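These notes concern the structure reproduced below.
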Amino acid sequence: MANVDAPCGFQPWRHMSGGVIRANGYKITSAYAANIFSGDAVVATSGYLAVATASSAGLLGIFAGCQYRASDGSIVYSPYWPTTTATLGSEDAVGFVYDDPNIIYRAQTSDDAAFVLATHNMTLCDLVSTHTGSTVTGQSKQELLVGTTGDEQFLLLQMVDEPGNAVGNWAKVECRIKDSRTSSSYSA
């Protein structure tokens, strides 16, 4: 049975030591000019969150929603950061990020290269950030590109053991961020 093409970004799947999976707060600048969806890989740039791309180095973690004061003063909790959102008095928003380097994520591989168990388990792979997430659900559509030798942002650990998941295109896999960049100097 062929896998279904249903990218949903990077979902926290388990913790390597059995620990609790928590998100930490980081700053998003008011009117940041890109959507950041839940499940998107993010980086820290000049002390602020930014959505990661296929060439981003030093991933901070995975976005888990945000909180900000809208221009009318109301507090907004959102599963994604809507591009160019103006906050009250241009104050910073708070973006929540899964930044623990011991978190294992569930993600989908792309159709650019078929996932082969013997070839791709325990290999490095790149982020595919060309799909736009959903402004209805706030969910990311980022996925992994297996068999690459570019920036290699993720370590692909193994295939997710679930019904309907098979080797090939759009396989669901477990992965972790290769070089997680966590530091209290980035916190909000």
For this session: Can you confirm whether segment 117-138 contains a residue that is crowded, with 20+ Cβ neighbours inside 10 Å, touching a Ser or Thr at 6+ places or on another chain (Cβ under 6 Å) and more than 15 Å from residue 36 (Cα to Cα)?
Result: yes
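Does segment 114-142 hold any residues that are over 28 Å from residue 80 (Cβ atoms), touching a residue at least 24 places away in the same chain (Cβ under 8 Å) and among the small types (Gly, Ala, Ser), and which are they?
Step one: list which residues in segment 114-142 are over 28 Å from residue 80 (Cβ atoms), which gives 114, 116-123.
Narrowing the set further to residues that are touching a residue at least 24 places away in the same chain (Cβ under 8 Å) leaves 114, 116-117, 119-123.
Result: 114, single match.
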For this session: Give me the pairs, please: first residue somewhere in segment 87-103 and over 18 Å from residue 44 (Cα atoms), second residue anywhere and in a loop (DSSP other than H, G, I, E, B), beta-carbon distance under 6 Å, and either six or more positions apart or on two chains.
Result: 87/30; 88/71; 88/73; 90/30; 102/16; 102/17; 103/21
Problem set entry | Answer residue from segment 87-98, given it is open to solvent by 50 Å² or more (accessible area, probe 1.4 Å) and in a strand (DSSP E or B) and is farthest from residue 136 (Cα to Cα) among those | 98
For this session: Note down all Cβ pairs under 6 Å where the first residue falls in segment 43-71 and is on the phi > 0 side of the Ramachandran plot, the second is basic (Lys, Arg) and open to solvent by 10 Å² or more (accessible area, probe 1.4 Å), and they're at least six residues apart or on different chains.
Result: 58/181
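The values are calculated or read from the model by the stated rules, or taken from the named source; none is laboratory data. All of these numbers come straight from a predicted model, not from anything done at the bench. Ideal geometry is used to build each Cβ from the backbone, glycine not excepted, and the neighbour counts take in all protein chains shown. Protein only, heavy atoms only, side chains kept; ligands, DNA and RNA dropped before computing areas. Shrake-Rupley method; radii C 1.70, N 1.55, O 1.52, S 1.80 Å.
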